[in-house]
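Heads up: the structure comes next, in structure tokens.
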Amino acid sequence: MSKKIAASFKYIFLSVISFISVFPFIWMLLGTTNKSIDITTGTLKLGNQLIINLRHLFESDLNFSRSLLNSAFIALLTTIFALLISSMAGYGFEIYRSKAKDRIFNLLLLSMMIPFSAMMIALYRMFSKLSGTPFGLNTLFVVIAPSVSTAFLIFFFRQNAKAFPKSLVEAARIDGLGEFKIFTKIYMPAAKNTYAAAAIITFMSSWNNYLWPLIALQSPEKRTVPLILSAMGNSYRPDFGMIMSGIVVSTLPIAVLFFILQRQFVQGMLGSVKG
């Protein structure tokens, strides 16, 4: 009997925590169907303003549709290059061990302790000297460049590479396979779960990036989704129905990506590497 009571309390507690976690999303979805005045008064019911709010969102002079394309371009390229470069670095640090490489890796780990805000001035000065090039300020590539190789991703790939069977590397070398082909033909297919987890983390981080694009992108047509949503909230009379619609639309790409790769994400975070 006591076990049933304990189980009941456990499920009640988990249900309450789950509701608290999900409630903001429910409120956000309901907000997309209501007028701005209804949202400010805390209305929790379906309205009939969904189409109107979406039309205001995409027809406003903030050019929300353009910001979606900018964010998608930045997030996709950042994810592709970050996965390629960081996985090669993490693989190299684990497979080719030496004291010098271990010292370099330790320095990389120390760099994770430096907040991005402490590096902004140095980054701004560096990229300002590249004006007139594709990597100058006010270009989309200036947002991509600082994120294509991060200490966290290198550390993440190295930790997952520890589970990769070293005997496969030795066998491939004996068979005459080159080092690059060992990486692309053997390691990458075996570490697909790791790549899936890293893809979700990188895409989400790039899609939600706010501070660096705010500083580096000065033209209205170059702004990303977080900058547009911030501008909506800072207006004199914010339209909360339109803001809620923008938040929902901007959340969809991340949600779709996560639901597609959620199984691989869990296995990748657990360090699963299939031989």
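Worth pointing out:
- Criterion (more than 30 Å from GLN159 (Cβ to Cβ), modelled with pLDDT of 85 or more and open to solvent by less than 50 Å² (accessible area, probe 1.4 Å)) met by exactly one of SER67, SER71, SER15, SER87: SER67
- GLY132 within 22 Å of TRP212 (Cβ to Cβ), assigned to a loop (DSSP other than H, G, I, E, B) and in contact with a Phe, Trp or Tyr (Cβ under 9 Å, 6 or more places away or on another chain): no
- Members of segment 161-200 that are hydrophobic (A, V, I, L, M, F, W, C) and in contact with a Lys or Arg (Cβ under 9 Å, 6 or more places away or on another chain): ALA172, LEU177, ILE182, ALA190, ALA191, ALA196
- Output for segment 206-250, where each listed residue is in contact (Cβ under 8 Å) with a residue 60 or more places away in the chain, farther than 25 Å from ALA118 by Cα and not aliphatic (A, V, I, L, M): PRO220, GLU221, PRO238, ASP239, PHE240, GLY241, SER245, GLY246, SER250
- Within segment 42-97, being in a loop (DSSP other than H, G, I, E, B), within 24 Å of the chain's Cα centre (by Cα) and either aliphatic (A, V, I, L, M) or farther than 20 Å from MET244 by Cβ (or both) holds for one residue alone: LEU62.
- Elements of type helices (runs of 4 or more DSSP H) contained in segment 165-275, each with 1 or more residues being at pLDDT below 85, of a type outside the set (S, T, N, Q) and more than 23 Å from ASN70 (Cα to Cα): 166-174, 240-269
- Just one of (1) over 30 Å from PHE164 (Cα atoms); (2) at pLDDT below 90; (3) exposed (fewer than 15 other Cβ atoms within 10 Å of the Cβ) fails for ARG97. It is (1).
The values are calculated or read from the model by the stated rules, or taken from the named source; none is laboratory data. All values derive from a computational prediction rather than experimental measurement. Note: ideal-geometry Cβ built from the backbone for every residue, glycine included; neighbour counts use all protein chains shown. The accessibility values were calculated without ligands, DNA or RNA, using every heavy atom of the protein model including side chains. Shrake-Rupley method; radii C 1.70, N 1.55, O 1.52, S 1.80 Å.
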